1. State the number of residues belonging to the range 309-346 that are in contact (Cβ under 8 Å) with a residue 60 or more places away in the chain, crowded, with 20+ Cβ neighbours inside 10 Å and among the hydrophobic types (A, V, I, L, M, F, W, C).
2. Using beta carbons and a limit of 8 Å, which pairs, at least six apart or on different chains, have the first residue in the range 75-94 and on the phi > 0 side of the Ramachandran plot and the second one open to solvent by 20 Å² or more (accessible area, probe 1.4 Å) and outside any strand (DSSP E or B)?
3. List pairs: first residue in the range 1-27 and open to solvent by less than 50 Å² (accessible area, probe 1.4 Å) and part of a loop (DSSP other than H, G, I, E, B), second residue modelled with pLDDT of 95 or more and among the polar types (S, T, N, Q) anywhere in the structure, Cβ distance under 6 angstrom, at least six positions apart or on different chains.
4. Identify, please: which residue in the range 50-77 is part of a loop (DSSP other than H, G, I, E, B) and touching a strand residue (DSSP E or B) at 6+ places or on another chain (Cβ under 7 Å) and is, among those, nearest to residue 103 (Cα to Cα)?
5. Residue under question is residue 83, and the condition is that it be touching a strand residue (DSSP E or B) at 6+ places or on another chain (Cβ under 7 Å) and crowded, with 19+ Cβ neighbours inside 10 Å; does it hold?
6. What are the pairs with Cβ atoms under 9 angstrom where one residue, in the range 264-276, is more than 13 Å from residue 22 (Cβ to Cβ) and the other, located anywhere, is surrounded by 16 or more Cβ atoms within 10 Å (Cβ to Cβ) and of a type in the set (Asp, Glu)? Sequence gap at least six, or different chains.
7. Is it true that residue 66 is touching an Asp or Glu at 6+ places or on another chain (Cβ under 7 Å), of a type outside the set (Gly, Ala, Ser) and in contact (Cβ under 8 Å) with a residue 40 or more places away in the chain?
Amino acid sequence: MTKLAMLGGAPAVPRDIRQVPWPIITEEDRKAVLTVLDGGQLVSNAENETAVRDLERRFAERTGVTHCVGVSNGTTALSLALAALGIGPGDEVIVPSLSFIASALAPLHQMAVPVFADVDPVTFNLDPADVERRITGRTRAILVVHLHGLPADMDALGELARRHNLAILEDAAQAHGALYRGKPVGSLGDVAAFSLQVTKNLPTCGEGGLLTTDDPALAEKVRMGRQFGEVIESGRPRDYISYFLGWNSKLNPVQAAFAASQLDRFDDYARHRQENVTRFLDRLRELPGIAVPGAPAHATHAWHILRFRFDPAALGLPEVAPTALRDALRRVLRAEGVPMSQYQLVPLPEQKVFTDRIGFGSGYPWAAAEGTAGPDQRFPVARAIIDDSLTLQKRHLHPDSGPLLQRYADAFEKVWQHRDVLAAVAGRAS
């Protein structure tokens, strides 16, 4: 039994292998960026062919849709999608209670009310049964997040949407390349939003976003919305007329070129990641008291984030509270060189922007729904997940991270040999 690093032992993960670059920047990426800079087509609405249009065509093809629109980031992608769907003041949009803040801010920016639904304890995605309980006469859309890279239950959610005449917006910011019953995410709803932010599985050199749809009218509304509500057509003089309320949310061609260059290697990276993560999770699955992420037979996981849940009783520590065990594991594993962290500290509905309801002043858009009973604000599953889980982020994205992940597995096994120390650390933290 080796000594824990926090007690003076050698860490399971040597310091000289802990830093893993992401994204991987190659000479091809640099050449793609320089080609744009040298060519002079530096905005997406340039008259001639641009890197943005090239990326849009390529991503639409690999996603299996007819239209893709490049925008400034994943958050504006969500807002533009909701605007194109006609979501506005007084409408309700169902959103998962566990996600990144952008998922819930997007409806708010449309003066719509985000109505939160609880999530599944295993997939961490929307629980269709809880979604159905929260549908009202004001509900107009379901914002479906494929959290951490695992597709949500689109069969059940799609059936709900059809039965209640609701739009489905896929938030696929973390799920590039994931499949659901053989179909790519981004082709499963009315419209989908992707992020190209530098930490994503398909990154750009900063920020960027993509929207995908098979609806030509929706695609055209998004194109207009990203440029002030104007109509921009090749060969047609710009008239500078805003036909509706739009934004300035264009994707920069430099960032589009970088993302397109990364797309050339995307499948190879994803294949290596699948192998590396699977071997890592297979080792952790043997340890008591830990639930590792997975995917059902009908779906593939993109593995953007790895979330682990911990059960004190199954670990042989029934007297330890889940939050205390989580904090103890975070401290002990980080000392061993495993960068465990929390992803979201509170369920989305507990974020102050929603609890304080400042919004657009005078309590709007919630004030528009005054006189109604209001949604149930209990989200026990989301709260339990936050209380008893930790995540691994970014390090595993590198295609050569297999040996590092095996060192991480060594660290978990080492820590599991010292449950008495875990109990002591958890006791001091509680």
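The values are calculated or read from the model by the stated rules, or taken from the named source; none is laboratory data. These figures come from a predicted structure and were not determined experimentally. Reconstructed Cβ throughout: ideal geometry from the backbone, glycine too, with neighbour counts over all protein chains shown. For accessibility, only protein heavy atoms count, side chains too; no ligands or nucleic acids. Shrake-Rupley method; radii C 1.70, N 1.55, O 1.52, S 1.80 Å.
1. The total comes to 10.
2. 90/111; 90/138; 90/368
3. Sorted first by the residue in the range 1-27, then by its partner, the pairs are 20/401.
4. Across the range 50-77, the extreme among qualifying residues is 73.
5. On the way: touching a strand residue (DSSP E or B) at 6+ places or on another chain (Cβ under 7 Å): no; crowded, with 19+ Cβ neighbours inside 10 Å: yes.
Judged against the criteria, residue 83 is not a match.
6. Cβ pairs passing all conditions: none.
7. Judged against the criteria, residue 66 is a match.
Let's see how each residue does on (1) modelled with pLDDT of 95 or more; (2) surrounded by fewer than 20 Cβ atoms within 10 Å (Cβ to Cβ); (3) hydroxyl-bearing (Ser, Thr, Tyr); (4) assigned to a helix (DSSP H, G or I):
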| site | (1), (2), (3), (4) |
| --- | --- |
| 219 | yes, no, no, yes |
| 223 | yes, no, no, yes |
| 234 | no, yes, yes, no |
| 239 | no, yes, no, no |
| 260 | yes, no, no, yes |
| 264 | yes, yes, no, yes |
